[in-house]
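The values are calculated or read from the model by the stated rules, or taken from the named source; none is laboratory data. Since this is a predicted model, take the numbers as computed values, not measurements. Here the Cβ positions follow ideal geometry from the backbone for every residue, glycine too, while neighbour counts run over all protein chains shown. Keep in mind that these areas ignore ligands, DNA and RNA; they rest on the heavy atoms of the full protein, side chains included. Shrake-Rupley method; radii C 1.70, N 1.55, O 1.52, S 1.80 Å.
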Amino acid sequence: QQQQQQQQQQGNDKLPDSLQSEDQMQNPHAQLQDAQSQEEAQLQVQLQTALPCGQIMDNTDYPGNDLGVPLEAASPEDCCQRCAEDLNCVAWTRVKANRICFLKGGHPRGALTAIYNADTVSGMPTQVGRFIPSITRKTGQSIYCFSLMLPWGYEKGLLQMQYRRGASIFGCDEYTVYSNKDIKVAEGVYTKVVDSDLKCKMGGEFKTCLNTPVFMAVWDRVFKDNRPRLHDWTVKADPDAVFFPARLRGVLLNHKETARGTYLNNCRLGMHGPLEVFSRDAVAAWGAGRGACKAHFNKLCSGECKWGEDMFIDQCMWKVLKLNRIFEPTLLVEDHCKPPAGWKDCKDANMVSFHPFKSVDGYEECMFNSERARGDRADTALAAGSTSRTNALAGA
């Protein structure tokens with residue numbers, strides 16, 4: 001009897017593991033059914049992704065919400081099919097010149113802004129039933145935002161939290177993070193590298209960080225990337241500034257572009273750096289004229305003026321380039337600009353930004369307090385000043 005049991009066990013050992021389970025011994029059709037289900041699922045995916053792309057729009061760009069690193073795609077159709085194959089992909093943008101394909105997900109923004117860009121073509125994989133709401137901003141409402149991140153210290157943690165919540169620059173129509181190293185900040189968000197060690201000395205009349213050379217290097221990269229040309233306004237936001245882009249759009253309804261360019265002064269003492277707001281023509285004027293400003297102020301100060309970048313750019317645009325300078329009292333409240341009592345509670349529902357909040361907990365508390373004072377979430381993807389197409393795509 002023992003010999004028979006050993007022979008039976010040896011026979012079982014020769015069977016594939018998948019056939020030795022008790023359930024499958026009792027149901028001999030289970031394995032066949034599982035295999036058929038898998039084949040049907042794979043066939044369904046193949047049939048769907050083999051369908052022609054559901055939506056392709058020439059001269060259109062969907063900035064932001066990137067999934068990982070970009071891919072190479074031989075054609076718009078190829079880029080669309082790459083998107084269809086990725087279950088997290090809801091849209092795509094392809095650069096015509098270098099055939100780079102950017103796959104887009106559903107975060108940090110719940111809707112993507114469609115901007116005109118003759119260099120790109122974009123679309124959505126509606127052939128597999130996936131898409132995302134898109135926004136076309138009204139004139140004067142499109143905002144490009146960037147932050148400079150130090151590779152050391154607390155700023156990366158702040159930016160990661162902002163990405164998770166779709167807050168600060170990640171609520172703008174397009175965003176970029178700059179640093180002096182290539183660093184992954186979040187999914188699809190990698191720093192653009194600037195040629196600077198990002199270090200500055202303290203000094204000058206106000207004993208501030210003399211960071212003008214640092215931000216000259218940042219602006220060099222901004223002009224190289226050339227993204228401000230695609231938007232009505234460009235915003236430089238410090239990582240520790242609690243910034244509400246939707247509120248800024250409301251403010252910008254009252255400020256128009258001018259022939260010479262417009263920028264907003266955020267403090268009666270002179271423009272401060274935590275939140276700087278420039279029109280498209282102001283950025284162009286700054287790019288063309290900052291060399292002349294440097295020469296002018298070097299002569300005036302008998303060498304480099306001991307200023308921070310905010311004072312330099314303010315004096316340059318105002319005194320030398322003669323741009324339209326507008327004081328906007330709701331743009332910024334901060335400790336260096338004679339703030340009102342109790343400002344750190346952030347219970348002002350109309351203020352565009354609060355500064356500084358250098359810890360994640362402190363930043364979030366300020367953001368939530370201001371949102372509660374307002375009565376709703378301050379920055380949604382479908383904010384005022386836009387038109388949306390949640391689509392005809394659903395039925396496409």
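Only Cα pairs under 8 Å and 6+ residues apart enter the sum, and on that basis the relative contact order of the stretch 195-305 stands at 22 percent. Three principal axis extents describe the C-alpha atoms of the stretch 173-329; from largest down they are 46, 38, 27 Å.
DSSP beta bridges fully contained in the stretch 126-285 are about 50 percent antiparallel. Measuring nothing but protein heavy atoms, the accessible surface of the stretch 231-310 at 1.4 Å probe radius is 52 percent carbon and sulfur. Each peptide among 105-116, 289-300 gets the average number of other Cβ atoms lying within 10 Å of its residues, and from highest to lowest they stand as 105-116, 289-300.
Please go through the residue pairs LYS236/LYS358; LYS181/LYS344; LYS299/LYS338; LYS192/LYS347 and name each one whose alpha carbons sit more than 23 Å apart in this structure.
From LYS236/LYS358; LYS181/LYS344; LYS299/LYS338; LYS192/LYS347, over 23 Å: LYS181/LYS344; LYS299/LYS338; LYS192/LYS347.
Phi angles of the stretch 134-144 translate, via the Karplus equation with coefficients 6.51, -1.76, 1.60 and θ = phi - 60°, into HN-Hα couplings of 10, 10, 10, 5, 5, 4, x, 10, 7, 10, 9 Hz per residue; Gly and Pro are given as x. Once the 1.4 Å probe is applied to the protein heavy atoms, the stretch 246-334 comes out at 43 Å² accessible per residue. Per residue, the convex hull spanned by the Cα atoms of the stretch 46-159 measures out at 126 cubic angstrom. Surface composition of the stretch 51-163: carbon plus sulfur atoms contribute 56% of the solvent-accessible area (1.4 Å probe, protein chains only, all chains present). Restricting the calculation to Cα atoms, every distinct pair contributes to the Kirkwood radius of the stretch 101-253, found to be 16.9 Å. List the lysines whose Cα sits under 18 Å from the Cα of LYS294, skipping any in the same chain fewer than 8 residues away. List returned: LYS306, LYS319, LYS322. Each residue of the stretch 343-352 is assigned a 3J(HN,Hα), and the resulting list reads 5, 5, 6, 6, 9, 7, 7, 10, 5, 6 Hz, derived from the Karplus form 6.51 cos²θ - 1.76 cosθ + 1.60 (θ = phi - 60°), x at Gly and Pro.
In this entry, the stretch 120-168 is assigned a mean projected area of 6.0 nm², taken as a quarter of its C-alpha convex hull surface. Over all Cα atoms in the stretch 106-193, the spread is summed up by Rg and Dmax: 14.6, 45 Å.
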